[in-house]
Amino acid sequence: MTRITLSNTSLAESNVDAIVIGVANRNGTLVVAPGAGDVDKAMKKRLTAALTELGATGKAGEITKVPTLGATKAPLLVAVGLGDAPKRDGQYSEEAVRRAVGTAVRTLAGARRIATGLAAVNGSLNGDGVRPVAEGAVLGGYAFTRYRSRASKKDHKRAVGSAAIVVPDPRDKAAKDAVDRATAIGDAVTLCRDLVNTPAADLHPADLAEAAVEACGPAGCEVEVFDEVALAEGGHGGILGVGQGAANPPRLVRITWNGGPAGGKAIHLVGKGITFDTGGLSLKPPTAMEWMKADMGGAAAVIGTMQAIARLKLPINVVGWVASAENMPSGTAIRPSDILTMRGGKTVEVMNTDAEGRLVMADAIVRASEEGATTIVDIATLTGAALVALGSRVYAVMSNDDDLREEMVAAADAAGEQAWPMPLPDELRKSLDSDAADLSNTGDRNGGMLVAGLFLREFVPDGTPWAHLDVAGPAWNQGDVHDYTPKGGTGVPIRTLVEWLESRAG
């Protein structure tokens, strides 16, 4: 991950491999965004003309590279488009800045050091100006090279080593706090991306549990791992049922951050940790299985979030749950029509073994409920229906509490992630009825994303606010890289969760 520093050396005098400025479009004319004045002066006020001559338009995400020919200490200038310039007294959105910086940092992969004056883009050189620049840099500065040979690495450059943000006073507390926060979030997102990108052969449920111990323990969390024996003793029929066809046994992990009042009730986060999903005996088609190493993206996001809030020392009590299993076909796998007794005693008839995520999540939601959770938020790559409904960049938020649903969507917007509120129609609940058990794990195929949410709601006690985040689309990028988003694991929705927990912590 790209590391962030603060510097009061002017952009033109920064001794780095490249300098990054912003440009925008104002009524069809290219304009240079604030923060590049000294560079324009060093280039004898010809910067805008040179960029225009090279075809720069200011379109969002557009990259224009200009050799500085000795006008600045850096040999290369990179101008990145911010989109339309704001109207008089307006400001660029934080997300526009975040994406622009992320695009520039990603484009400059292989460089050791870069510098940017984009913190000045909205006229604020304190924490407010630094925050989106720092976040864009750490999010864009990512590369997953663990499995590449030396020859292959030559064609896949390392992320930018460090990015200096030019500010008047590098010792300013607000600016330093913004860098520290961005670094904590960047490390959490990097951890999540790495876990999601790791092949399932190297990340069994026990490995995911160990990753939680290694990431969250040193940050100050308490981490407890429940193996298959403890799960059986505790009646976790959902997790055990999903995992019983695999050679690698399931795990449940409890991660505790006690930053609030001693003995106080906690918010609980529940993450789906299916380290590989074949569909079980209801086998997926081969192409649908290609990215199923990512089916633990919700659990990875919970691990990353818990690490981040501990490093940020948020004054709030939070418990994270990682419900992990492999969903494999074998002679011991659960069969369609088998009935599982879940934690808490509810029985579920398994009509489709590929609807497994909700089974492991239900056990963990019950555990959270038993501990008197003030609020439960679950995060899961749960349904293909979420992709059909909202595409690959937007995740769904369902809830039994209107205020909580609005909070989550607002936190996503503030953090720069895309979430959309979805309903839980009561008329779909009947489709989950079973002839032989308390309920079935599948229901009406139409509205399948909503039906999955309704299934999970059955395990939430009345009166407990609960939100369900179906991140099946944006947690894994199957398309091309864009802005600060790499191919593969993305780290969504860690930034939303941290933003929301910060607001809850006051």
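Every read-out reported here was derived from the displayed coordinates using simple, explicitly stated rules and does not represent laboratory data. Worth saying up front: this structure is predicted, and the values here are computed from it rather than measured. Every residue, glycine among them, receives a Cβ derived from its backbone with ideal geometry; neighbour counts consider all protein chains shown.
Observations, loosely collected:
- In sequence order, segment 115-123 has phi-based couplings of 9, 9, x, 5, 5, 8, 4, 10, x Hz under the Karplus curve 6.51 cos²θ - 1.76 cosθ + 1.60, θ = phi - 60°, and Gly or Pro positions carry x.
- Its Cα centre serving as origin, the chain has a Cβ charge dipole (Lys and Arg +1, Asp and Glu -1) of approximately 2620 debye.
- This ranking places HIS468, HIS204, HIS156 by how few other beta-carbon atoms lie within 10 Å of each, fewest first, which gives HIS156, HIS204, HIS468.
- With 10 Å bins beginning at zero, the pair-distance distribution over Cα atoms of segment 3-168 amounts to 11, 42, 35, 10, 2, 0 %.
- The length gained on full extension between ASP89 and VAL31, counted as 0.36 nm times the residue separation minus their Cα-Cα distance, comes to 19.3 nm.
- Selection of chymotrypsin sites (Phe, Trp or Tyr not before Pro), segment 134-190, meeting DSSP coil and at most 11 other Cβ within 10 Å: TYR147
- The chain - convex hull of the alpha-carbon atoms, volume per residue in Å³: 153
- Placing +1 on the Cβ of every Lys and Arg and -1 on the Cβ of every Asp and Glu, with no other charges, gives segment 3-168 a dipole of roughly 740 debye about its Cα centre.
- In plain terms, the chain from GLU233 to ASN352 could stretch by 40.3 nm, reckoned as 0.36 nm per residue minus the Cα-Cα distance.
- 11 Å beta-carbon shell around GLY280, net charge (K/R +1, D/E -1): -3
- Sorted ascending by nearby beta carbons within 10 Å, beginning with the fewest, ARG26, ARG343 become ARG26, ARG343.
- Relative to one another, the C-alpha centroids of segment 450-488 and segment 338-385 are positioned 14 Å apart.
- Radius 13 Å from Cβ of GLY217, net charge of other residues (Lys, Arg +1; Asp, Glu -1): -2
- Spatial separation of Cα centroids for segment 176-254 and segment 27-55, in angstrom: 48
- If R0 is taken as 56 Å, the Cβ-Cβ distance between ARG112 and GLU427 corresponds to a FRET efficiency of 0.40.
- Within straight-line reach of LYS44, meaning a Cα separation under 16 Å, sit the following lysines at least 8 residues removed in sequence or on another chain: LYS73.
- Listed by Cβ neighbour count within 10 Å, with the fewest neighbours leading, SER282, SER152, SER324 appear as SER152, SER282, SER324.
- The phi-based Karplus calculation (6.51 cos²θ - 1.76 cosθ + 1.60; θ = phi - 60°) puts the 3J(HN,Hα) values of segment 458-475 at 4, 9, 9, x, 4, x, 9, x, 9, 10, 10, 10, 9, 9, 4, x, x, 6 Hz, whole numbers, x for Gly and Pro.
- Given in Å, the Rg to one decimal and the Dmax to the nearest whole number for the Cα atoms of segment 347-483 are 14.9, 50.
- Taking every DSSP helix (H) stretch of at least 4 residues in the chain, weighting each as -39,500 (n - 2.57) and dividing the sum by the residue count yields a mean residue ellipticity at 222 nm of -10000 deg cm²/dmol.
- Using Cβ point charges alone (K and R +1, D and E -1), the dipole size of segment 14-64 about the Cα centre works out to roughly 220 debye.
- Net +/- balance of residues flanking LEU47 in space, Cβ distance below 13 Å, scoring K and R +1, D and E -1: +1
- Taking 16 Å as the straight-line reach from the Cα of LYS293, the lysines in range (excluding those fewer than 8 positions away in the same chain) are LYS272, LYS284, LYS487.
- Unpartnered cysteines - no second Cys beta carbon under 4.7 Å - across the chain: CYS192
- Cα-Cα over 25 Å, subset of LYS65/LYS154; LYS41/LYS173; LYS87/LYS176; LYS157/LYS313; LYS59/LYS173: LYS41/LYS173; LYS87/LYS176; LYS157/LYS313; LYS59/LYS173
- Here each label is just a point 7 Å from Cα along the line to Cβ, and for LYS153 and LYS45 those points are 4.9 nm apart.
- Dipole-positive endmost among ASN477, ASN327, GLY443 within the chain (Cβ charges, Cα centre): ASN477
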